[in-house]
Amino acid sequence: MAKRLDISDLNIYYGDFLAVEGVSMAVEPRAVTAFIGPSGCGKSTVLRSLNRMHEVIPGAYIEGKIALDGEDLYGRDVDPVRVRRSIGMVFQRPNPFPTMSIHANVIAGMKLNNQRMSKAQADEVVETSLRGANLWSEVKDRLNKPGSSLSGGQQQRLCIARAIAVQPDVLLMDEPCSALDPISTLAIEDLIGKLKQDYTIVIVTHNMQQAARVSDQTAFFNLAGVGQPGKLIEMDATEKIFSNPNQKATEDYISGRFG
Amino acid sequence: MATVQTPPSVELSSPGLTRGKLPRYAPVVLLVLSFAAVGGLFAALGSFSVPLTVFLGIILYAVVILVVTTFVEGARAARDRLATTLMYSAFGLAVVPLVSLLWTVLENGLERFNGYFLTTTMRGVFGGMDAGGAYHAIMGTLEITAFATVISVPIGMLTAIYLVEYGPKSKLGRGITFFVDVMTGIPSIVAGLFAYALFVLFFGPGVRMGAAGSVALAVLMIPVVVRASEEMLKLVPNELREAAYALGVPKWLTIVKVVLRTAAAGLVTGVMLAIARVIGETAPLLIVAGVVDSANFDLFEGRMMTLPVFVYGQYTQGLAPPGPDSIITINYDRAWAAALTLILIVMVLNLIARIIARIFSPKTGR
Ligand SMILES: Nc1ncnc2c1ncn2[C@@H]1O[C@H](COP(=O)(O)OP(=O)(O)OP(=O)(O)O)[C@@H](O)[C@H]1O
Ligand SMILES: [Mg+2]
């Protein structure tokens, strides 16, 4: 569990369109790395290329190298399905499977892959994952109700439970709190703080305070203009970025002078 | 030069939030009064007729309610009432043929529709004999349609899956969509000839068998299944596919266990529509499945009767020759009873599809 990611000279394309250019960075294990930057600068794009979800879009591809504990994720013999099994993802909008109960949603990763497991095993995974996602006490009496019967914040925590149930090495989160109220947001931030003991976490957020609160490292992305590729401007320890960044653009963005 | 214009003030006559309001029963009362007025007038003239009374009554009602509402509630409410009247009239107009059709079939079909009719064939029945039923035709229709469904559902669904999941923008995908559209327009008799030509290749000229009928029906069914399934698969949110991918689920398992499962209710309905579309087909079955009086359960051997062909056959025989025990209209009676049977089969299938769809549909309740 908890592996490091090394990204070097990453270019990301949507067909002919170069969306992100020349990103190199290291994502440390057992830590939270936050991606910040103005809308359209390619945060989601970079995040999705980390677990090979980017290539699901027709015509999309990358150049460069991404390594998980030294192993090239885009190597010739690498199966993207296996990559996604070890690098989980939580999306901006909660997306539990509407045809499944809460219980089934948590173990969806196993069920959809036809993995055999006994009832006792399944129950145990469900309980540990839901406890891990701080949702157990709220849903333990209605595990057989549909997943879509939960509130938005509960659904998002259900999606986190679903992602950690398959025990990935890395957890990617794309604006996991942007559809949630402050209390659910706080619950998820607490959860992230807890999860980072076991996982490598990358989180995209538009909320500066959130980045400052939860992350250890912060990466600031920016783009020169519309139609221009997004670039990594600087990456450093979060305190450094928020107190004394090296780049003027970072300081301007954080202090709200643009973007 | 820009000048700010004050908008003309509306409804100065009634400031405030309230306005005149007709009592709730007013429309009903006015409608009844309109009917009574028109009906009474015709009765006084001595030429009462129901359709004319209904027709003129509704027109009178529309005028009266428009005028009354304009005075009591204002112009906007009057237009609202007028639109409501038009809407209900259009609805009634659309329902009248349907109800009348069902009524006619019931009225004519119920006389012969009984256990005997459902369990007897036409073997050894002739003239105006008070005997014979549609058992062979019912079994034939069920078998041929079931086999047609077995052929067309896999082909149709797999095509739809390809179109939505693999080749939405590919050349092949566009080509398939084009040909599916063309196929939708194939006249059913041509499908029958096609099936005949196909089976001649294997069984020689003059071939008649139930399976050929199924192939002909499948030709008609496939485009309907493809179109309906395609729409249903498109409705599955992309987020669900991505959620499954992100859990390390391969694409094919995602399609089988997430996409198809989520769309299941709609897919069942689509298949049901396709079945309803072909179960009443007559022409192709007349060509390739043939006409026969006795029961034949073997799809791959010999002629097979079907309900639409049965209806057609009985109807074309016309009146039976008069005789001591002869029922002159027996052929027509059997035709109606078989038509009723066909309608009932479609209704039952519809009901089953609804139940299945309900079981499969995504749950939302708390
Ligand atoms: N499916 C797609 N096809 C083509 N171009 C895309 C696609 N998704 C994103 N892009 C483009 O890639 C660039 C980066 O988009 P991305 O979604 O990564 O931005 P972001 O930083 O996540 O923005 P936001 O903060 O608004 O979510 C944008 O110019 C966008 O238009
Ligand atoms: Mg984004």
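In the set (1) at pLDDT 90 or above; (2) over 15 Å from the mean Cα position of the chain (by Cα), A:Leu158 fails one condition alone, (2). Inside the range A:219-259, can you point out the residues that are among the aliphatic types (A, V, I, L, M) and open to solvent by 20 Å² or more (accessible area, probe 1.4 Å)? Those that are among the aliphatic types (A, V, I, L, M) and open to solvent by 20 Å² or more (accessible area, probe 1.4 Å): A:Leu223, A:Ala224, A:Val226, A:Leu232, A:Ile233, A:Met235, A:Ala237, A:Ala249, A:Ile254. Candidates A:Val78, A:Val126: the one that is more than 16 Å from ligand 2 (Cβ to nearest atom) and open to solvent by less than 30 Å² (accessible area, probe 1.4 Å) is A:Val126.
Among the helices (runs of 4 or more DSSP H) confined to the range A:91-175, the ones with at least 3 residues that are touching a Leu at 6+ places or on another chain (Cβ under 7 Å) and more than 10 Å from chain B (Cβ to nearest Cβ) are located at A:102-106, A:152-165.
In this structure, B:Ile275 does not qualify as within 30 Å of B:Gly185 (Cβ to Cβ) and within 14 Å of chain A (Cβ to nearest Cβ). Take A:Leu191 and decide whether it is under 24 Å from A:Arg84 (Cα atoms) and in contact (Cβ under 8 Å) with a residue 24 or more places away in the chain. Spelling it out, A:Leu191 is indeed under 24 Å from A:Arg84 (Cα atoms) and in contact (Cβ under 8 Å) with a residue 24 or more places away in the chain. Counting only residues that are near ligand 2 (Cβ under 10 Å from one of its atoms) and open to solvent by 10 Å² or more (accessible area, probe 1.4 Å), the range A:25-41 holds 2 of them. If you go through the range B:44-74 and keep only what is loosely packed, with under 13 Cβ neighbours inside 10 Å, touching a helix residue (DSSP H, G or I) at 6+ places or on another chain (Cβ under 9 Å) and among the small types (Gly, Ala, Ser), you end up with just B:Ser49.
In the set (1) under 30 Å from A:Asn144 (Cβ atoms); (2) at pLDDT 90 or above, B:Ile345 fails one condition alone, (1). Within the range A:46-66, being open to solvent by 10 Å² or more (accessible area, probe 1.4 Å) and either away from ligand 1 (no atom under 15 Å from the Cβ) or within 14 Å of chain B (Cβ to nearest Cβ) (or both) holds for A:Arg48, A:Arg52, A:Glu55, A:Val56, A:Ile57, A:Pro58, A:Gly59, A:Ala60, A:Glu63, A:Gly64, A:Lys65. Restricting the range B:227-256 to residues that are more than 7 Å from chain A (Cβ to nearest Cβ) and part of a loop (DSSP other than H, G, I, E, B), the residue that is surrounded by the fewest Cβ atoms within 10 Å (Cβ to Cβ) is B:Pro237.
The set of residues in the range A:181-195 that are of a type outside the set (Val, Ile, Thr) and either within 14 Å of chain B (Cβ to nearest Cβ) or open to solvent by 30 Å² or more (accessible area, probe 1.4 Å) (or both) comprises A:Asp181, A:Pro182, A:Leu186, A:Asp190, A:Gly193, A:Lys194.
Count of the range B:100-128 residues, restricted to those that are among the hydroxyl-bearing types (Ser, Thr, Tyr) and assigned to a loop (DSSP other than H, G, I, E, B), is 2.
The values are calculated or read from the model by the stated rules, or taken from the named source; none is laboratory data. Keep in mind that what you see is a predicted model, and the values were worked out from it rather than measured. For neighbour counting, all protein chains shown are included, and Cβ atoms are generated from backbone atoms with ideal geometry for every residue, glycine included. Note: areas computed on protein heavy atoms with side chains; ligands, DNA, RNA excluded. Shrake-Rupley method; radii C 1.70, N 1.55, O 1.52, S 1.80 Å.
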